[in-house]
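Notes to accompany the following structure.
Values in this text are rule-based calculations from the coordinates and carry no lab data. If you're wondering where the values come from, they're calculated on a predicted model, not measured in any experiment. Cβ placement follows ideal geometry from the backbone for every residue including glycine, while neighbour counts extend to all protein chains displayed.
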Ligand code: SAM
């Protein structure tokens with residue numbers, strides 16, 4: 001029997017030793033299955049030359065396996081109570097740095113410069129806190145970090161959104177953002193029994209491979225993403241009505257119909273029916289009209 005952190009017995013012993021109470025509000029569901037961790041690491045493509053950024057190490061279940069397989073691991077943890085625990089559980093590994101910080105506020109580019117070798121292959125790996133999966137993924141892709149891939153355990157329902165097609169309930173601005181920056185693949189689904197405590201939902205491992213070039217040409221990325229978000233703002237509304245709410249100015253509102261025609265998109269359609277190519281055409285037409 002291994003004495004890895006990611007076993008029910010060792011995890012229970014650590015939790016008891018520190019009298020640790022899970023904070024549901026921080027999405028604390030710890031992994032207690034080494035096989036699942038090995039699958040995550042295999043799909044992330046990690047080896048002894050690679051550097052890894054982990055989000056939310058918890059008591060160190062995944063961190064320990066990452067330290068064994070990678071050259072260096074930097075982990076961001078928001079919960080101060082976990083810092084002394086991690087110091088204890090990970091004391092045998094000299095290639096781990098834990099940073100006490102909210103990942104949404106962290107300057108990850110700066111941390112990469114300080115912590116890793118220049119031009120080192122970097123991967124992000126995490127069992128994400130489910131309450132903020134979308135903002136974390138959005139930040140990671142939009143910050144344009146010099147990383148090769150992002151491999152994360154997430155709620156299965158969110159994983160489905162990555163691969164969603166237009167006109168489905170799951171299709172949304174997250175689908176478009178991830179399509180733009182990455183190639184997304186759901187590599188396996190995971191039962192709730194591998195977590196402590198068990199979450200109420202099924203989970204899945206998602207691998208995002210960063211693209212060298214986006215699949216569509218966009219004149220201004222910031223505008224593109226704001227327009228996509230506005231198009232999904234009220235899903236029951238037509239595209240033209242969502243765009244009317246996006247443009248506050250009366251004169252601009254009056255031009256919406258003309259610009260929709262110019263972009264050859266029917267304003268009576270719903271935002272959720274547009275492909276990424278159509279969103280790019282729409283955003284580029286509106287952007288150029290503003291210049
Ligand atoms: N990696 C551990 C494992 O697999 O057992 C724990 C995963 S648990 C699902 C999520 C972890 O993320 C918790 O340790 C939680 O405290 C931490 N966390 C939650 N919000 C965070 C944030 N905004 N920034 C950094 N860590 C966060």
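Restricting the range 162-191 to residues that are assigned to a strand (DSSP E or B) and away from the ligand (no atom under 16 Å from the Cβ), which is surrounded by the fewest Cβ atoms within 10 Å (Cβ to Cβ)?
Only one residue tops the list, namely 189.
Conditions tested, residue by residue: (1) within 16 Å of the ligand (Cβ to nearest atom); (2) touching a strand residue (DSSP E or B) at 6+ places or on another chain (Cβ under 7 Å).
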{"site": "133", "(1), (2)": "yes, yes"}
{"site": "137", "(1), (2)": "yes, no"}
{"site": "149", "(1), (2)": "no, yes"}
{"site": "160", "(1), (2)": "no, no"}
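Going by what's in this entry, would residue 82 be described as within 11 Å of the ligand (Cβ to nearest atom) and either farther than 17 Å from residue 28 by Cα or out of contact with any helix residue (DSSP H, G or I) (no Cβ under 8 Å at 6 or more places or on another chain) (or both)? Before you say what the answer is, go through the steps one by one.
On the way: within 11 Å of the ligand (Cβ to nearest atom): yes; either farther than 17 Å from residue 28 by Cα or out of contact with any helix residue (DSSP H, G or I) (no Cβ under 8 Å at 6 or more places or on another chain) (or both): yes.
The answer is yes for residue 82.
Mind counting the residues in the range 113-129 that are buried (at least 19 other Cβ atoms within 10 Å of the Cβ) and either in a helix (DSSP H, G or I) or within 16 Å of the ligand (Cβ to nearest atom) (or both)?
Going through the range 113-129, the residues buried (at least 19 other Cβ atoms within 10 Å of the Cβ) turn out to be 116, 121-129.
If we keep only those that are either in a helix (DSSP H, G or I) or within 16 Å of the ligand (Cβ to nearest atom) (or both) as well, we get 123-129.
Qualifying residue count for the region: 7.
So which of 112, 41, 132 is within 18 Å of the chain's Cα centre (by Cα) and within 19 Å of residue 185 (Cα to Cα)?
Numbers: 112 fails: within 19 Å of residue 185 (Cα to Cα); 132 fails: within 19 Å of residue 185 (Cα to Cα).
After ruling out the rest, the residue left standing is 41.
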